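Undergrad: Let me begin by handing over the structure; questions about it come next.
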Amino acid sequence: MTVAPNQEVPVSDTRSEAVISARNLELTFQTNDGPVHALSGVNLDIVKGEFVSFIGPSGCGKTTFLRCVAALETPTGGSLTVNGMTPDQARRARAYGYVFQAAGLYPWRTIAKNIALPLEVMGFSKADQERRIAQVLELVELSNFGQKYPWQLSGGMQQRASIARALAFDADILLMDEPFGALDEIVRDHLNEQLLELWARTEKTIGFVTHSIPEAVYLSTKIVVMSPRPGRISDIIESPLPKKRPLDIRDSAEFLQVAQRVREGLRAGHAYDD
């Protein structure tokens with residue numbers, strides 16, 4: 001499925017099932033140098049349980065779209081719903097957890113205390129906090145590191161702790177903004193495997209921003225390819241790969257075919273440049 005700029009997407013049955021739904025979404029920032037068109041005519045449905053990756057060149061609106069879903073940016077046109085609510089209503093309903101590019105852990109708090117922070121803000125009891133912390137530490141394979149401080153953990157372990165914090169209040173949606181981009185390839189591969197296992201166990205709906213074609217193809221059930229600014233969707237690729245994916249699937253013909261289509265979508269997106 002290729003979506004041209006500003007093309008109207010017909011409403012299908014999936015829209016009623018979508019946990020995230022965008023229609024003709026626009027976002028223009030006003031700056032001293034004039035307007036910056038960050039998103040233009042974005043139409044997209046993300047259905048419960050999907051793993052959707054966003055890929056494209058820097059400045060194409062990948063992170064901006066995620067930030068709109070999280071009510072961190074306000075669209076200037078079109079519509080966007082999250083679990084049938086506005087993004088701000090979804091934020092107040094704690095519909096999603098957000099994992100940023102940097103782990104963002106407080107160095108004076110232990111890993112357990114960092115994970116507890118959103119639970120404290122939300123008013124969970126001490127007993128409930130302890131139960132949830134233990135549960136998510138086990139999910140990300142950090143059960144023995146709750147009393148460590150962030151500086152005592154590797155970069156990959158810190159990012160796993162950040163994921164645990166986002167999972168602690170059991171939101172249905174997990175938004176991840178290039179969480180493994182700063183890590184070396186070996187660690188990144190290991191975390192990709194762990195993330196797929198985590199997704200299979202929790203059945204969360206995941207929106208994932210990346211610059212890596214292999215990462216997008218390996219992780220995703222759907223890949224959204226975006227063009228340079230103004231951010232538009234140049235292709236939406238439904239992955240034919242099985243849900244259970246060993247790392248060596250990246251050598252398969254099917255995997256390479258999907259990767260080639262992503263590359264073609266990226267090249268097609270560049271055709272919109274002035």
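Bear in mind these aren't lab numbers, they're just calculated from the coordinates by the rules spelled out. Small disclaimer: the values here were computed from a predicted structure and weren't measured. FYI the Cβ positions are ideal-geometry reconstructions off the backbone, even for glycines, and counts take in every protein chain you see.
Undergrad: Please compute, over every Cα-Cα pair in region 99-193, the percentage with a separation greater than 23 angstrom. Before the final figure, lay out the partial values.
TA: On the way: 793 of 4465 pairs.
Pairs farther apart than 23 Å: 18 percent.
Undergrad: Using the alpha-carbon atoms, what tilt in degrees (0 to 90, nearest 10) does helix 185-202 show relative to the longest principal axis of the chain?
TA: Approximately 80 degrees, to the nearest ten.
Undergrad: Okay, moving on. Counting other Cβ atoms within 10 Å of each Cβ, which chymotrypsin sites (Phe, Trp or Tyr not before Pro) in region 179-274 have at most 15 and sit in a DSSP loop?
TA: Working: sites: PHE180, TRP199, PHE208, TYR218, PHE255, TYR272; in loops: PHE180, TYR272.
When the chymotrypsin sites (Phe, Trp or Tyr not before Pro) of region 179-274 are filtered for loop state and at most 15 Cβ neighbours within 10 Å, TYR272 remain.
Undergrad: Using the Karplus curve 6.51 cos²θ - 1.76 cosθ + 1.60 with θ = phi - 60°, work out ³J(HN,Hα) for each residue of region 74-83 in order, rounded to whole Hz, and write x for Gly and Pro.
TA: 10, x, 9, x, x, 10, 8, 10, 10, 6
Undergrad: Enumerate the lysines that LYS48 could reach by cross-link, defined here as Cα to Cα under 30 Å, with residues fewer than 8 away along the same chain left out.
TA: LYS62, LYS204, LYS222, LYS243, LYS244
Undergrad: Rank these for me by crowding, ARG109, ARG92, ARG250, ARG160, going from fewest to most other beta carbons within 10 Å.
TA: Working: ARG109 14, ARG92 11, ARG250 17, ARG160 26.
By the 10 Å Cβ count, ascending: ARG92, ARG109, ARG250, ARG160.
Undergrad: Here's something else I'd like to know. Starting from the alpha-carbon convex hull of the chain, give the projected area averaged over all orientations, in nm². Display every interim value, and only then the final one.
TA: On the way: hull surface 60.6 nm².
Orientation-averaged projected area of the Cα hull: 15.2 nm².
Undergrad: Gain in length, VAL121 to GLU203, computed as 0.36 nm per residue apart minus the alpha-carbon separation, to one decimal in nm?
TA: Numbers: separation 82, 0.36 × 82 = 29.52 nm, distance 2.53 nm.
Gain on extension, VAL121 to GLU203, equals 27.0 nm.
Undergrad: Order of SER125, SER21, SER212 from fewest to most other C-beta atoms within 10 Å? It would help to have the intermediate numbers written out before the result.
TA: Details: SER125 9, SER21 22, SER212 17.
Fewest to most other Cβ atoms nearby, the residues stand as SER125, SER212, SER21.
Undergrad: What 222 nm value per residue comes from the helices of the chain, counting each DSSP H run with n ≥ 4 as -39,500 (n - 2.57) and dividing by all residues, nearest 500 deg cm²/dmol? The partial results should precede the final answer.
TA: Working: 9 runs with 101 residues, N = 274.
Calculated mean residue ellipticity at 222 nm is -11000 deg cm²/dmol.
Undergrad: Here's another thing I want to ask about it. How many angstrom lie between the Cα centre of region 219-255 and the Cα centre of region 58-137?
TA: Centre-to-centre (Cα) distance: 25 Å.
Undergrad: With the cut-off at 14 Å, report for region 207-274 the share of all Cα pairs above it, as a whole percent.
TA: Working: 1278 of 2278 pairs.
Of all Cα-Cα distances in region 207-274, 56 percent exceed 14 Å.
Undergrad: Going by amide H atoms built from the backbone, whose H comes under 5 Å of the H on GLU73, apart from near neighbours?
TA: Close amide H contacts, sequence-distant or interchain: CYS68.
Undergrad: Springs between alpha-carbon atoms under 10 Å, Gaussian network over the chain: tell me which of ALA200, ALA38, ALA116 tops the mean-square fluctuations.
TA: Sorting by GNM fluctuation, first place goes to ALA200.
Undergrad: If I fit a long axis through the Cα atoms of helix 253-270 and take the longest principal axis of the Cα atoms of the chain, what angle between them do I get, 0 to 90°, rounded to 10?
TA: The angle comes out at about 60 degrees.
Undergrad: Evaluate 2.2 N^0.38 Å with N set to the residue count of region 40-82, then give the Cα radius of gyration divided by it.
TA: On the way: Rg = 10.8 Å, N = 43, 2.2 N^0.38 = 9.2 Å.
That works out to 1.17 for region 40-82.
Undergrad: Which residue fluctuates the most in the chain, going by a Gaussian network model with Cα springs under 10 Å, if the choices are GLN194, GLN260, GLN30?
TA: Looking only at GLN194, GLN260, GLN30, the largest GNM fluctuation is found for GLN30.
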